[in-house]
Structures are given as structure tokens and as C-alpha cells.
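K.L.:
Pasting in a structure now, in C-alpha cells, and then I'll have a few things to ask.
The values are calculated or read from the model by the stated rules, or taken from the named source; none is laboratory data. If you're wondering where the values come from, they're calculated on a predicted model, not measured in any experiment. Reconstructed Cβ throughout: ideal geometry from the backbone, glycine too, with neighbour counts over all protein chains shown.
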Amino acid sequence: MPAREFNFDGLVGPSHNYAGLSFGNVASFNNVKSVSNPKQAALQGLAKMRALAARGFAQAVLPPHGRPNFALLRRIGFGGSDADVIAAAFRDAPAILASAYSAAPMWSANAATVSPSADSADGHVHFTVANLNSKLHRSYEQEQTARTLRAIFADPGYFTVHDALPATPAFGDEGAANHTRLASEHGAPGVEMFVYGRVEFQPDAPAPKRFPARQTLEASQAVARLHGLSPQRTVFIAQDPAVVDLGVFHNDVIAVGNGNVLLYHAQAFFDEPATLAALQFAMGSIGQPFMPIRVARTEVAIDDAISSYLFNSQLLTRPDGRMALVVPLECRDNVAVARYLDGLVKSGGPIAELLSFDLHQSMRNGGGPACLRLRVALTAAEAGAMHQGVIMTEALYAQLVVWVERHYRDALAPADLADPQLALEVNSALEALAKILHLPGLYAF
Ligand code: SUG
């Protein structure tokens, strides 16, 4: 069955801020307490969606979540009116108030793991919502994510949305950020590659020492089971813990795949030869070639890879069958990375084009182009069965720009989270958004 890959970008929410909540994510830590610009963040994300849609890529949008999470704040002992809750949380636990206000759902690669119908035993498109349980501010995204995915992919004849795995360290699951699908075409059976940083029940397995590993092998295996994936076409790969300790908190910070191509840094995997052999074998078993593109340390040092987010790029198959690499502007500013990318495009390989975008607001929290999107490969029938109001068009883009201009602030400092007006602004913004997207039951207001 022919299929297209839809990229569902997370729309940045009105409370986008820099709270330093993600220990192990170097950018998040370095920019803690700086002033954010939610309006610019949302417009930067929308500009990327619009440009990719205009080039013929299938593009859709995932809405932001309601904020702040009053249920979380009340559950941990802040009471009274909403304004009382905010005031007391700001006074006694500002990091927790920031967690309740986080706009992190914008990084929709972490929303879920997705397997297309060509890979699943029952022919459904399967989604497992990620529990994101290694960070407080992300651990409660799962409720709205499940609601959103079930609203968009509501047809039970085509789609299955699984609840998040149990929220316990054994099942730390960060969704598609640690998952790559290799297949000659989006509609063909493919190989699903799960990358983990830790094994709960094998304490001597490689694990980072300084920063947390967010994804466990046990979680990846559970997702593969839930999706009914064929063991022959499913590969579990250990990340190199040494690079987790340098700031590679998700595999999509160090590798990106699409079609038959895997673009990866030499330090991405714990056992590089075994990783390549396993992928080669699995691809061979379905008669498909595998094309790894290895970036050596001498070409791009690991620090440059992390700071530029070279690998947090989107590798997309263009309508003409060749590939485009979507990178953040930071890759053009880094001399070694820019040189490498120019050579890559000129090499005559599968990657024919480079597209760069200014995603500075998101990048300052450790979120590049690949973090901002969830890939969903859909046949024409599946695409027709999903909710159509989230598909990016010129008309939707124009409506969303007007909506952002009306509802978003252009500066948000840490102290602004104490302003009870902000909660009201977010609420009215999201009420208006649900109407624009034609999803009346989207939020549980
Ligand atoms: O989970 N940053 C996100 C970035 C997620 C990137 N996603 C992928 N690599 N796919 C995170 O660390 C920072 C929030 C703050 O510090 O305010 C944050 O959550």
C-alpha cells in the first residue's frame, strides 16, 4: 500500500519558558531563568510547518496542552482559589510551578511511539503514548496526549492508541525520540529500531553515570509487543552511555533515519559494528538495502554535534524520491558542521538538499526540528480517516498566525508565572484553538 509520512509538529503553547527542568539536557540547563518569547517560538514553529507543507511534505499540527496543571498543584498540597494556588506555589516551590506551566508538549517526538499499519500484526496504525516519567514537567503530558491522539485518530477501524506504560523507572519511555523506522517506502514493511539507554533488570548493563538515561529496554520491548511488531523486523540497540553523559538525552540528538538511510555519529551506539550488523540483517530479511551514513569524530566532534543539533534534523523523502535534511540554523553557524553538511549534499548520495530554519526559541530548551515533530506514516485511506482539521494548509497557517498574535505574550520571565492572568490567557487561547481545529472536546475544561 503506498503511504505518506505526516509530520505532526507540536504547536508551541503560550507558556513557553526557560525553567531548567531537564537535567541532562545541556541547553535547558544553560538557559535556565532567561526570558522566553512564546509568540516568537510559536511563529518559528509555524513557519517551519508552513514551509514544509508548501514543498509538498504532508504536515499536520498537534495542539498545546492546558496550563498550568492545577490538578498537579492541588494534589501536592496547594489549595484555595486558582490564584491562591499559583501564589503559594510560586512562593514555596517555583520549580514545581514552572513544571506545571511547561510548554514541553511542543516536542511531539516525545508524545508517542508510532508503528504504521505495514508493520503491525493487526494492520492498524499503533500509537503508544509515552509516559515521560523521568521528568516531573513531562510526566503528566500523557493524559492530554492520549486525549489528543484519540481525538485525531478516532476511527477504531484503522487506529489503536495505547495508554502510556506504567509510570515507574523500569518503563521509562520517551516515545519516538528513541525510535526509528527504516523501510524502502513509507508503505512497505519496515524495520523498527528502538534505542535504549538503560536496562532496569540487568544492573551491569551499560548505563550513564552523570546524566539520567530516560529510555529503558523494558519499555521499548513493551511498545514493540503492544504494536504487534514482528521480532525479525525489530531491533533493540543500546545507546553509548558515554554520550548520554555528554548531553545526548535522546537518540534523536545523535542519529536520524529515513527510508533506507541511517545518518548517525560514530559515537551514537554502544557497539557500533553489532548495531550495523543487526540492522543490515533485519533489512536483508525483507529484501531491502540498508544505507548507513557514518559521521566520524574527525568530521564532526561530538560537542559540535550536540551544540548544533546536526542529528536532530528531519530526514524527509521529497515528492521526487530524493531526500531533504531539515536542520536548525545553528548548523549553518558551526563551521565544522556547515562544512560537513555542504560535503554531504555535494557527495551525490541520497541527501540532495538542506533546509535550515530558525528555531532558536525551541533550541534554547534543547528542542530541534526532529524534537518538534511526530512521524506518522499513513495510507491514503488512513489519512482520510483521521481528523482533517489538523492538516497544515495555507489557510490554517494564516488562522494560526492571527491566533498567536492575539493570544501570546512576547516575553515571559520566571516571575511572570506568578501572574494569575497568565493562566486565564492560556485558557482562552486554547478555547479559541479548539474551535480553529474543529476539535470541540479536545480539552477537559
Ligand atoms: O525533554 N526540554 C525537552 C526537550 C525535548 C527534546 N526532544 C527530543 N530530543 N526529541 C526535554 O528535555 C526543557 C524545559 C525547561 O527546561 O523549561 C525541556 O523539557
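For every residue, the table says whether it meets (1) closer than 28 Å to Arg147 by Cβ; (2) among the acidic types (Asp, Glu).
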site	(1), (2)
Ala188	no, no
Val195	yes, no
Arg198	no, no
Val235	no, no
Asp252	yes, yes
Leu263	no, no
Ala274	no, no
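K.L.:
Oh, and also: Output the number of residues of the range 12-58 satisfying the condition of being away from the ligand (no atom under 16 Å from the Cβ), among the small types (Gly, Ala, Ser) and not in a helix (DSSP H, G or I).
P.N.:
2
K.L.:
Just name the residue that is surrounded by the most Cβ atoms within 10 Å (Cβ to Cβ) out of those in the range 151-162 that are within 20 Å of Trp107 (Cβ to Cβ) and out of contact with any Leu (no Cβ under 6 Å at 6 or more places or on another chain).
P.N.:
Ile152
K.L.:
Turning to a different aspect of this structure: Among the residues of the range 412-425, which ones are more than 18 Å from Pro94 (Cβ to Cβ) and either at pLDDT below 95 or among the aliphatic types (A, V, I, L, M) (or both)?
P.N.:
Correct list: Leu424 only.
K.L.:
For the range 135-155, does any single residue satisfy the condition of being within 16 Å of the ligand (Cβ to nearest atom), under 21 Å from Ile96 (Cα atoms), among the small types (Gly, Ala, Ser) and in contact (Cβ under 8 Å) with a residue 12 or more places away in the chain?
P.N.:
yes
K.L.:
Quick check on the range 166-173. Is at least one of its residues buried (at least 21 other Cβ atoms within 10 Å of the Cβ), touching a residue at least 24 places away in the same chain (Cβ under 8 Å), of a type outside the set (A, V, I, L, M, F, W, C) and out of contact with any strand residue (DSSP E or B) (no Cβ under 6 Å at 6 or more places or on another chain)?
P.N.:
Checked the range 166-173: at least one residue is buried (at least 21 other Cβ atoms within 10 Å of the Cβ), touching a residue at least 24 places away in the same chain (Cβ under 8 Å), of a type outside the set (A, V, I, L, M, F, W, C) and out of contact with any strand residue (DSSP E or B) (no Cβ under 6 Å at 6 or more places or on another chain).
K.L.:
In the range 343-387, which residue that is β-branched (Val, Ile, Thr) and in contact with a helix residue (DSSP H, G or I) (Cβ under 9 Å, 6 or more places away or on another chain) is nearest to the ligand (Cβ to nearest atom)?
P.N.:
Val376
K.L.:
Go through (1) part of a helix (DSSP H, G or I); (2) surrounded by fewer than 22 Cβ atoms within 10 Å (Cβ to Cβ); (3) within 16 Å of the ligand (Cβ to nearest atom) and name the single condition Val243 misses.
P.N.:
Every listed condition holds for Val243 apart from (2).
K.L.:
Asp204: at pLDDT below 95 and acidic (Asp, Glu), yes or no?
P.N.:
Yes, satisfied.
K.L.:
Further question: Tell me the helices (runs of 4 or more DSSP H) entirely within the range 327-425 that contain at least 3 residues that are of a type outside the set (Lys, Arg) and under 30 Å from Ala19 (Cβ atoms).
P.N.:
330-333, 360-363, 394-407
K.L.:
Next question, about the same structure. Please enumerate the residues belonging to the range 283-302 that are in contact (Cβ under 8 Å) with a residue 40 or more places away in the chain, in a loop (DSSP other than H, G, I, E, B) and farther than 11 Å from Gly259 by Cα.
P.N.:
If the condition is that a residue be in contact (Cβ under 8 Å) with a residue 40 or more places away in the chain, in a loop (DSSP other than H, G, I, E, B) and farther than 11 Å from Gly259 by Cα, then Ile286, Glu299, Val300 are the ones that fit.
K.L.:
Taking the range 33-61 as the region of interest, how many residues are under 30 Å from Ala93 (Cα atoms) and either β-branched (Val, Ile, Thr) or crowded, with 23+ Cβ neighbours inside 10 Å (or both)?
P.N.:
The number of residues fulfilling the criteria is 5.
K.L.:
Any residue at all in the range 109-116 that is near the ligand (Cβ under 10 Å from one of its atoms) and part of a helix (DSSP H, G or I)?
P.N.:
Yes - at least one qualifying residue is present in the range 109-116.
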